[in-house]
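The values are calculated or read from the model by the stated rules, or taken from the named source; none is laboratory data. Just so it is clear, the model here is predicted, and its values are computed rather than measured. Cβ placement follows ideal geometry from the backbone for every residue including glycine, while neighbour counts extend to all protein chains displayed. To get the accessible areas, we keep the full protein, side chains included, count just its heavy atoms, and leave off ligands, DNA and RNA. Shrake-Rupley method; radii C 1.70, N 1.55, O 1.52, S 1.80 Å.
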Amino acid sequence: MSKEEQLNYSEAIQNASAYLMRFPLIPVRGIPLMNYIANNWDSIWAFCPDPSDLLIATYPKAGTTWTQEIVDLLLHNGDAEACKRAPTPVRSPFLEICSPPPIPSGLELLHKMDPPRMIKTHLPFQLVPPGFWENKCKTIYVARNAKDNLVSYYYFHCMNLTLPEPGPWGDYIQKFMRGQLSWGSWYDHVKGYWKEREKRNILYLFYEDLKENPRREVERIMRYLDLSVSDEVISKIVELTSFKNMKENPMANYSCIPKCVFDPSISDFMRKGEVGDWTNHFTPEQSTMFDEDYEKQMKDANISFRTLI
Ligand code: A3P
């Protein structure tokens, strides 16, 4: 993809602004997805990756962008300038995203790139195109504790003017618990990849581990990708991918998305980047109610999440 095409990404979104709205959700095999995605489902499902392609899968707001930046830096031996060649969604296309033209869809961006590509998805395991598993593509899954994930998603619904209105906070918690938000149930999402992680050789990471010890997690990603970079480069990658540095990096902070889509007067994309922010949002009653429901929804899975570190 040429430099010009990369720069055109923001312009294309701006040009489509008259057609942008809070898009309704349409279920695809029971999972609510934005209508543009649902209407293009057949071509998304048919996408066949190259075996060298890497999939980065997450429930929305679990640390996707952070992981994309770490992976890109690892693949470029910590070369910060190389990783500023384009904004995140151009360097690492979002597989299923479809929007009104002329905004390029994830598939259009992917078809213009040569493998190996770094592909982002929020699809739950069962909706990932089967070609990824047939071709044994490496997959990194990042999970974040439900309460912080929910808070982050709430702010994202407020500021992303193409997602449905979040409604009042209390109602939003209910929608999250019932799996009614875009990309469906958080509980099924984290469990779906967890169950398949060994069979499919999925590297399953936790946002809280990345926060606690980014160096250890960057090294895990490096080993999974069969890369070997020096200790010095690892230190550099940890520094470049700190919340503060990514927030200031225009190629990683989503400032490429015009205000008609991501409204920074409501919330920044790089909002807080912490573990435990949920304590500032849940009332004690909401927390108890959420925890009781959580026990039920997660009883069949042996996954430990940390809500504080
Ligand atoms: P908050 O809203 O809690 O701040 P995604 O990339 O999956 O959309 O996730 C976005 C969330 O990850 C946001 O969480 C964002 O601030 C956080 N994030 C992004 N980069 C980060 C980094 N380098 N360190 C910590 N958190 C980061």
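Fully extending the segment from GLU232 to LYS299, taken as 0.36 nm per residue of separation minus the present Cα-Cα distance, adds 19.9 nm. For SER52 and ASP277, the FRET efficiency from 1/(1 + (r/R0)^6), where r spans their Cβ atoms and R0 equals 41 Å, is about 0.65.
Give me the aspartates and glutamates in straight-line cross-link reach of LYS259: C-alpha distance below 14 Å, same-chain residues under 8 apart excluded. Result set, ordered by chain and number: GLU11, ASP268. For the chain, the share of DSSP beta bridges that are antiparallel, to the nearest 5, is 25%.
Binning all Cα-Cα separations of the stretch 115-269 at 5 Å, short to long from zero, yields these whole-percent fractions: 2, 7, 14, 17, 19, 19, 15, 7, 2, 0. Checking every one of the trypsin sites (Lys or Arg not before Pro) in the stretch 67-141 against DSSP loop status and a limit of 16 other Cβ atoms within 10 Å picks out ARG85, LYS112, LYS136. Projected over all directions and averaged, the alpha-carbon convex hull of the stretch 1-159 occupies 9.7 nm². One way to sum up the overall shape of the stretch 187-260 is the equivalent ellipsoid from its Cα gyration tensor, whose semi-axes run 25, 21, 11 Å, largest first.
The Cα trace of the stretch 235-309 gives Rg and Dmax of 17.1, 43 Å, the first to one decimal, the second as a whole number. In this structure, the pairs whose alpha-carbon distance is over 24 Å, taken from LYS138/LYS272; LYS191/LYS296; LYS138/LYS299, are LYS138/LYS272; LYS138/LYS299. In whole percents, the pair-distance distribution calculated for the stretch 33-105 from its alpha-carbon pairs, binned every 10 Å from zero, is 16, 43, 33, 8. Taking the centroid of alpha carbons for each part, the stretch 81-133 and the stretch 175-225 are 19 Å apart. In the stretch 10-90, which GluC sites (Glu not before Pro) fall in coil by DSSP and have 16 or fewer other Cβ atoms within 10 Å? Hits after loop and neighbour filter: GLU81. Heavy atoms of the protein chains alone define the surface here; on that basis the chain has 44 Å² accessible area per residue at 1.4 Å probe size.
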